[in-house]
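Colleague: Please find one structure pasted underneath; my questions will follow.
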Amino acid sequence: MHLLSQPIKAFLLCYCIKLYPVSQIHAFTLSPNHQNQYTNNELNSQVRHLEVRNTPSSSSKLHSSLDPLEPLFNTSGSETKQRKKKLKTFARYLEIESWKRGPEARDLETVLRSIGEACKQINRIVQRAQTDDLYGVAVGTDGNPLDENVQGEVQQKLDVVCNNIMLKQFCGSSKGVIAAVASEEEDLPRTCCDVMGDAAFAIGDYVAVFDPLDGSKNIDASLPVGTIFGIYKCTPGTTPTDKTFLQKGNEMVAAGYCLYSATTVFVLTMGSGVDGFTLDPDKGVFLHTHQDIRIPSAGPIYSFNEANYRDFSFPVRKYLTALKEGSSSTGVRSNARYIGALVGDVHNVLINGGIYGYPGTRQNPDGKLRLLYECNPMGMIIEQAGGAASTGHGRILDVKPTEIHMRVPTFLGSIENVFELDQFHQYYSDDEED
C-alpha cells in the first residue's frame, strides 16, 4: 500500500474541479490520522473510471505526456522509487556540532533534540486543529473562557496545548540542564522543578524563554504559524529568579524557531552561523536542507502592518514611502509581504532579503513584540545570518530588559535595509508631521 503523493492529490483535485460544476464543490479538511491509501491498481482504476464516465470520446482523453502519474508509475503498474537527497538528520548534525564545540554544546544537545520533537508534535496538532476541534478560545473546567494572559490576549486552545508541550520538552529533556523556563503565555517564570513536579529537576545551568505558538490566530485561516525559543546561561548551583531572565540578547547561547507552513522548517543558531532543517513527512525526521543560511545584504521585500501606517512615527512613514517610490538605497520599488505571524514574515525576509518591521505606534510606543520571547531570539538568528536587528535607535541585542514581558520596537532584516531605516531615525524627529 502506498500513500497518495502530493502531486497526485493536486492532479485529482484539479481534474475533479474541471469535471464538476462549481456549485457541486465543497471544502473539506484532510485529517492526518485518516489519510486514504490506494494501491497502484486502485488508483489507476479510479482515474480510468473518471475518464470513461466523463469523456465523450477517446480523442479527449488525457495525453500520457501530460499525465502527472506517469513519472511515478511505469507501464507495469509497479511504483518507481523516488530519489531522495542525501542529507544529514538533525540528530546527526547535533552530534557533529557537539563534538566540534565542546562541553557547552554537548549539554544542549539533548535539549535541542527535545525541541525538535516538540516542533513535530506542534506541527501535528496544527494540522489536526480543524478536525480535532482545537480551534477557538480556551475554556476552563467550568466551561467559561480562560482569563486573558499577561499580554492582554484571549488564550486560544492551541496556545494552551502548545505551551504545555514546550514546558515539558524543555524541562523534561534532561536533568541538570534547563533550570527554569519563561513562556510568553504565562505571567511569571517557572522552575523545572515546578513544571515536572519533581525536585530532581531543580538544578540546571541554563534557562529558556519561548513563544509556543506565534500567530495562533492565523490557524483559523490555515496560514503560517510558528514557535520561537532562546536559551541563556545562569549561575550554576543557584535557584533561578525573575532577574535570571533579565539578560541582554547578546548573552544568549542558542536561539531558533519552527515554521509550520507548506513545509515544516526548524531554523537554529548556536552562536556561529544559522542552519535550517526541513521535516521529511515520509520519515518523520528533520533533514539538514539549509546549510549556513546567509541573508542577502539588501532585498526587495518589506513586511509591515500598513493598517497602522498613520500611527507610525514620522521616520518610519518616510522610510516606507521611499521603499514604495523606489527612492531608497536599494534603488528599486519594494514589494509588500505581510502574513501577520512573526516567524513566517521573518523567515521570508531571511531567505529573500528585505526588512521586517513592527514599529511603535501612538497607542503602543514600544510596539507589541516581546523582547525576551520574540525579538532577542529572532534578532540573534538574523545577525548570525549576516543581517541586522534594531529598535530604530540601536541594536536589539544590546537592550537590557527591565521586566520579562518588556516590549520594544523591532526591525529585522538585510543589513543595508535596516541601516537605512536607522538613518531615517537619525535624520528625522519622531514628532515631525507630514
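The values are calculated or read from the model by the stated rules, or taken from the named source; none is laboratory data. Given the structure is predicted, the values throughout are model-derived calculations rather than measurements. When we count neighbours, we look across all protein chains shown, and the Cβ atoms used for this are built from the backbone with ideal geometry, even at glycine. The accessibility values were calculated without ligands, DNA or RNA, using every heavy atom of the protein model including side chains. Shrake-Rupley method; radii C 1.70, N 1.55, O 1.52, S 1.80 Å.
Let's see how each residue does on (1) among the aliphatic types (A, V, I, L, M); (2) assigned to a helix (DSSP H, G or I); (3) in contact with a Phe, Trp or Tyr (Cβ under 9 Å, 6 or more places away or on another chain); (4) at pLDDT 95 or above:
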residue: LEU372; (1), (2), (3), (4): yes, yes, yes, yes
residue: GLU383; (1), (2), (3), (4): no, yes, no, yes
residue: ALA389; (1), (2), (3), (4): yes, no, yes, yes
residue: LEU397; (1), (2), (3), (4): yes, yes, no, yes
residue: LYS400; (1), (2), (3), (4): no, no, no, yes
residue: LEU412; (1), (2), (3), (4): yes, no, yes, yes
residue: GLN426; (1), (2), (3), (4): no, yes, no, no
residue: GLU433; (1), (2), (3), (4): no, no, yes, no
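Colleague: When only residues in region 205-244 that are acidic (Asp, Glu) and buried (at least 24 other Cβ atoms within 10 Å of the Cβ) count, which is modelled with the highest pLDDT?
Modeller: Pass one, region 205-244, residues acidic (Asp, Glu): 205, 211, 214, 220, 242.
Still in the running and buried (at least 24 other Cβ atoms within 10 Å of the Cβ): 211, 214.
Values: ASP211: 96, ASP214: 92.
Going through the qualifying residues, I end up with ASP211.
Okay, residues lined up against (1) modelled with pLDDT under 95; (2) in a strand (DSSP E or B); (3) surrounded by fewer than 22 Cβ atoms within 10 Å (Cβ to Cβ):
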site	(1), (2), (3)
ALA262	yes, no, yes
PHE266	no, yes, no
THR289	no, yes, yes
ILE293	no, no, yes
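Colleague: While we're here: Restricting attention to region 356-367, which residues are free of Cβ contacts under 8 Å to residues at least 60 places away in the same chain and either open to solvent by 70 Å² or more (accessible area, probe 1.4 Å) or not polar (S, T, N, Q) (or both)?
Modeller: Initial filter on region 356-367 (free of Cβ contacts under 8 Å to residues at least 60 places away in the same chain): 356, 358-367.
Hits for region 356-367 are TYR356, TYR358, PRO359, GLY360, ARG362, GLN363, PRO365, ASP366, GLY367.
Colleague: Output the residues belonging to region 184-204 that are open to solvent by 40 Å² or more (accessible area, probe 1.4 Å) and either in contact with a Leu (Cβ under 7 Å, 6 or more places away or on another chain) or without any contact (Cβ under 8 Å) to a residue 24 or more places away in the chain (or both).
Modeller: If the condition is that a residue be open to solvent by 40 Å² or more (accessible area, probe 1.4 Å) and either in contact with a Leu (Cβ under 7 Å, 6 or more places away or on another chain) or without any contact (Cβ under 8 Å) to a residue 24 or more places away in the chain (or both), then ARG190, CYS193, ASP194, GLY197, ASP198, ALA199 are the ones that fit.
Colleague: Quick one: would you say ILE381 is open to solvent by 10 Å² or more (accessible area, probe 1.4 Å) and in contact (Cβ under 8 Å) with a residue 24 or more places away in the chain?
Modeller: Numbers: open to solvent by 10 Å² or more (accessible area, probe 1.4 Å): no; in contact (Cβ under 8 Å) with a residue 24 or more places away in the chain: yes.
When the stated conditions are applied, ILE381 does not pass them.
Colleague: Now for a separate question. Residues of region 299-355 being open to solvent by 20 Å² or more (accessible area, probe 1.4 Å), more than 26 Å from TYR257 (Cα to Cα), of a type in the set (Gly, Ala, Ser) and touching a residue at least 40 places away in the same chain (Cβ under 8 Å), which ones?
Modeller: SER313, SER329 - these are the residues of region 299-355 that are open to solvent by 20 Å² or more (accessible area, probe 1.4 Å), more than 26 Å from TYR257 (Cα to Cα), of a type in the set (Gly, Ala, Ser) and touching a residue at least 40 places away in the same chain (Cβ under 8 Å).
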